[in-house]
Amino acid sequence: MAIENATKGPSSSSGLARYRAGPNDTFIAAFEKYGSTVLRYALRIANNSADAEELVQETFVTAWAKRKSIDLTAESLLPWLLVTCRNHAANLRRKNRRNEADELNDETTNVPALAEADDLVWIRDEIAAMSEMDREICRLCLIEGMPYREAADRLNVSTSMIAKRIQRARTRLKLIRSETI
């Protein structure tokens with residue numbers, strides 16, 4: 001069977017050679033054989049089913065892209081696929097943490113519990129002193145709660161630029177707050 005030969009390790013040199021040569025049928029056979037197993041694994045380590053599906057996709061895209069350099073130590077492609085899926089999950093978690101719009105906690109959204117509006121004038125003043133781009137980023141992400149990716153698309157800039165500018169604005173506001181307390 002093509003899949004057996006395509007997914008066996010170095011002991012099956014003809015199967016590995018076919019897989020590395022890239023015939024679509026051997027790759028499709030590998031997906032058909034291992035796709036559901038990789039998906040079940042991804043569902044256990046992902047936050048939701050959409051992320052799990054993305055992990056499976058990324059895993060098999062990586063398998064296709066690296067088919068000429070994969071060094072299998074087992075008799076099967078499955079262990080390599082599962083490790084690759086786990087690595088993509090770790091990358092996805094890091095990406096989500098970096099780009100996630102921080103939600104205001106209950107303490108800061110409970111306006112009556114805060115001091116009067118006049119006590120918060122310094123925040124408005126500090127934001128007003130920022131560049132036009134930084135003011136708009138603060139308005140979109142911090143005040144309106146827009147995700148970084150949407151703000152980046154709206155402003156035609158990168159998501160990492162949004163994240164960095166938000167980080168700088170927060171650091172600046174925290175520093176000023178600590179100086180006034």
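So is residue 102 under 29 Å from the mean Cα position of the chain (by Cα) and modelled with pLDDT under 85 or not?
On the way: under 29 Å from the mean Cα position of the chain (by Cα): yes; modelled with pLDDT under 85: yes.
When the stated conditions are applied, residue 102 passes them.
A quick yes/no check of all residues on (1) of a type in the set (S, T, N, Q); (2) at pLDDT 85 or above; (3) in a helix (DSSP H, G or I):
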residue	(1), (2), (3)
121	no, no, yes
125	no, no, yes
133	no, yes, yes
139	no, yes, yes
145	no, yes, no
149	no, yes, yes
160	yes, yes, yes
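Report, ordered by the first and then the second residue, all pairs with beta carbons closer than 7 Å, sequence separation of six or more or different chains, a first member in region 76-95 that is in the same structural domain as residue 58 (by TED's automatic domain parsing) and in contact (Cβ under 8 Å) with a residue 12 or more places away in the chain, and a second member that is crowded, with 17+ Cβ neighbours inside 10 Å and polar (S, T, N, Q).
76/7; 77/7; 81/59; 84/59; 84/62; 85/59; 88/59
From 69, 76, which residue is in contact with a Ser or Thr (Cβ under 6 Å, 6 or more places away or on another chain) and surrounded by fewer than 17 Cβ atoms within 10 Å (Cβ to Cβ)?
After applying the criteria, what remains is 76.
Could you count how many residues in region 36-51 are surrounded by 11 or more Cβ atoms within 10 Å (Cβ to Cβ) and either outside any helix (DSSP H, G or I) or of a type in the set (Phe, Trp, Tyr) (or both)? Even if it seems obvious, please write down each step before you answer.
Keep residues of region 36-51 that are surrounded by 11 or more Cβ atoms within 10 Å (Cβ to Cβ), which gives 36-43, 45-47, 49, 51.
Imposing the further condition that a residue be either outside any helix (DSSP H, G or I) or of a type in the set (Phe, Trp, Tyr) (or both) reduces the set to 41, 46-47.
Of the residues in that region, 3 qualify.
The values are calculated or read from the model by the stated rules, or taken from the named source; none is laboratory data. Keep in mind it's a predicted model, so treat the numbers as computed, not measured. Cβ: placed from backbone, ideal geometry, glycine included. Neighbour counts: every protein chain shown.
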